[in-house]
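The values are calculated or read from the model by the stated rules, or taken from the named source; none is laboratory data. Predicted model only: the values in this text are computed from it and were never measured. Ideal geometry is used to build each Cβ from the backbone, glycine not excepted, and the neighbour counts take in all protein chains shown.
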Ligand SMILES: Nc1ncnc2c1ncn2[C@@H]1O[C@H](COP(=O)(O)OP(=O)(O)OP(=O)(O)O)[C@@H](O)[C@H]1O
């Protein structure tokens, strides 16, 4: 479960995130959508413990990310918008390196790594240098690494950028499957069709504030648009709030 309470981040005069509160239940896929500069990445960085809030709190699985950052980070899978990969490691070495950061022992690691690399169609390239991977392969490796320690919560900033349709399908199916297995997923995306497809609920953020939350159906009613279409909702709500 994720609980954001009064979360605020101020950069000088800019309120990047303004008193944001929301709750995401266990097993729920929550989509975070908003125009450029709305505050999505800043929110996600605070959730992952990468930057400190000006005020407010992030509680994930009952752990306050500010008070117990190490414990909090152990229980989440985190995929930032610009993840860093070490090109001179192989895919398998990168997973081992990530597993070490999470304090995983060798016990069970290789079975887990094989399983996850097969799921993401990377097993045949596990021994190749990441430098030789395509963009899609890198994205899939990043996703594999974020899941290696069986987190209960997955936080993803823009997972679909630059992926081809097959890779998008793989990531979408994976997120749906993880949620069915009980994982809580918080995902920011510009791809509204993806949000409509995989998210149980979405939150619309604009100028640092959450201006609406609910299912696509709820938001269609709220925005008074005549199509069951998140894009129309998004355009109406962000226009109204401008
Ligand atoms: N380190 C920083 N210093 C100053 N201002 C910042 C910093 N990081 C973000 N901002 C500002 O905070 C606001 C929110 O930015 P943020 O990157 O969170 O938006 P976003 O919704 O992720 O945008 P995008 O969809 O373009 O990635 C913007 O006005 C941005 O310029």
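Data for the structure
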read-out	value
Residue list for region 76-98, restricted to those being under 26 Å from residue 24 (Cβ atoms) and crowded, with 17+ Cβ neighbours inside 10 Å	76, 77, 78, 79, 80, 98
Test set (1) more than 17 Å from residue 186 (Cα to Cα); (2) away from the ligand (no atom under 16 Å from the Cβ); (3) outside the structural domain of residue 144 (by TED's automatic domain parsing); (4) touching a residue at least 24 places away in the same chain (Cβ under 8 Å) - residue 56 fails condition number	(2)
Selected residue [within 30 Å of residue 219 (Cβ to Cβ) and more than 16 Å from the ligand (Cβ to nearest atom)] from 3, 68, 93	3
Residue within region 127-135 that is at pLDDT below 95, touching a helix residue (DSSP H, G or I) at 6+ places or on another chain (Cβ under 7 Å) and either closer than 23 Å to residue 186 by Cα or surrounded by fewer than 18 Cβ atoms within 10 Å (Cβ to Cβ) (or both) present	no
Positions within region 139-162 being on the phi > 0 side of the Ramachandran plot and not in a loop (DSSP other than H, G, I, E, B), in sequence order	none
Count of residues meeting criterion [assigned to a strand (DSSP E or B) and farther than 22 Å from residue 154 by Cβ] in region 10-20	7
Members of region 214-231 found to be touching a residue at least 24 places away in the same chain (Cβ under 8 Å) and buried (at least 19 other Cβ atoms within 10 Å of the Cβ), listed by number	230
Residue list for region 163-222, restricted to those being assigned to a loop (DSSP other than H, G, I, E, B) and in contact with a strand residue (DSSP E or B) (Cβ under 8 Å, 6 or more places away or on another chain)	183, 189, 190, 199, 200, 207, 208, 215
Residue tally, condition more than 19 Å from residue 175 (Cβ to Cβ) and within 12 Å of the ligand (Cβ to nearest atom), over region 9-32	11
Residue count for region 33-50, restricted to those that are part of a loop (DSSP other than H, G, I, E, B) and more than 8 Å from the ligand (Cβ to nearest atom)	3
